[in-house]
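Please read the structure below before turning to the comments.
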Amino acid sequence: MDAEWQHQHIENHDDFLGLTVNSGIEQPESFSSESVTRFLSRKRKALLSVDEYVRGILEGNITVLSQAVTLVESSKKEHQIIAQDIILKCLPYSGKSLRIGITGVPGVGKSTFIEAFGKFLTNQGRRLAVLAIDPSSERSRGSILGDKTRMEELAADPHAYIRPSPSAGSLGGVARKTRETVILCEAAGFDTVFIETVGVGQSETVVHSMVDFFLLLMLAGAGDELQGIKRGIMEMADVIAINKADGDNIHKAELARVQYKNAMHLFPTADSGWTPQVFTCSAYAKTGLEQVWSAINDYTKLTGDNGYFRYKRSEQARFWMFETINDRLKSDFYLNPVIKAALPDFEEKVQREEISPFSAATQLLENYYHL
């Protein structure tokens with residue numbers, strides 16, 4: 001074999017018939033300490049001014065909106081100061097959207113439903129913002145934030161904006177920031193806002209306190225239809241939609257609809273004057289979506305005419321004022337350096353039963369109040 005093939009892929013020589021090996025791409029040069037230092041020393045992109053953020057949001061600039069939402073979600077004090085200024089200036093341009101909470105048991109198909117329902121609305125000319133509270137790992141605090149992956153078609157829609165937020169073990173804080181994000185999305189011109197929750201539980205109660213309409217998705221054929229779901233969640237629902245009513249599941253879905261409808265009559269009349277409705281739908285087959293939307297419009301008209309719509313929003317604003325106070329007091333307490341230094345000692349004493357948990361809490365609070 002020729003000497004020139006010694007440093008090449010010898011498999012490509014005529015002696016090896018029917019076998020070809022590509023030469024591949026040229027390997028990049030290895031990282032040097034200088035290149036790493038250069039990379040780490042690069043300046044981060046400077047923050048915009050408050051007025052620039054507000055102007056970008058009002059112009060419907062999605063990039064600026066996303067940057068502003070990141071500031072809202074940030075725990076850094078300097079970011080929070082800027083975020084609150086942005087929210088204050090966007091507040092006069094907010095409040096004109098329809099806020100819809102969407103929840104359901106895991107596996108009910110929330111993401112599929114939101115994508116199908118969202119496309120149904122954007123095809124009618126509406127602008128939709130989807131704010132999804134993503135569950136975080138209690139151990140790693142990590143979150144998948146996979147809603148954009150699950151909603152590929154809606155994510156590519158120019159009339160839709162999807163923003164997942166990790167719950168990070170602090171549902172109250174995320175919910176407050178989600179409500180602030182709603183204000184920014186409304187100022188950016190989105191006339192419909194979906195807030196998707198992590199599942200049946202505490203999150204529903206929190207999200208219910210920031211939406212105009214509450215939609216509960218349920219499954220049929222998953223055991224006794226009225227077991228495994230809290231009565232409180234059903235009482236909050238303005239519409240129950242039995243999802244996945246397609247194929248062989250249509251009959252089961254219809255049976256579940258009748259059972260839920262009968263169960264809803266056992267609940268007291270809602271303050272809104274609205275009678276909760278139950279429908280079947282299929283996000284996969286895109287059926288029943290128009291029925292759900294029609295019910296939402298009927299609810300909006302009824303509560304708009306009787307004054308409940310505005311009353312509920314004003315009560316929600318008052319609720320979130322107190323929630324923000326509670327959240328801020330709790331944060332200030334635990335971030336206080338004196339308290340942070342004293343906590344480990346009190347924890348050990350409580351665990352060794354040298355002091356009661358109530359006495360420990362009382363002493364810590366007294367120390368905090370006298371700082």
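The values are calculated or read from the model by the stated rules, or taken from the named source; none is laboratory data. Bear in mind the structure is a predicted one, so any value in this text is a computation, not a measurement. Don't worry about glycine lacking a Cβ; one is built from the backbone with ideal geometry, like all the others, and counts go over all protein chains shown.
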Review point. Before we move on, is residue 278 in a helix (DSSP H, G or I), surrounded by 12 or more Cβ atoms within 10 Å (Cβ to Cβ), assigned by TED's automatic domain parsing to the domain that holds residue 114 and in contact (Cβ under 8 Å) with a residue 12 or more places away in the chain?
Key: no
Practice item. Filter segment 240-270 down to residues that are surrounded by 11 or more Cβ atoms within 10 Å (Cβ to Cβ) and over 18 Å from residue 116 (Cα atoms), then give me how many there are. Key: 18
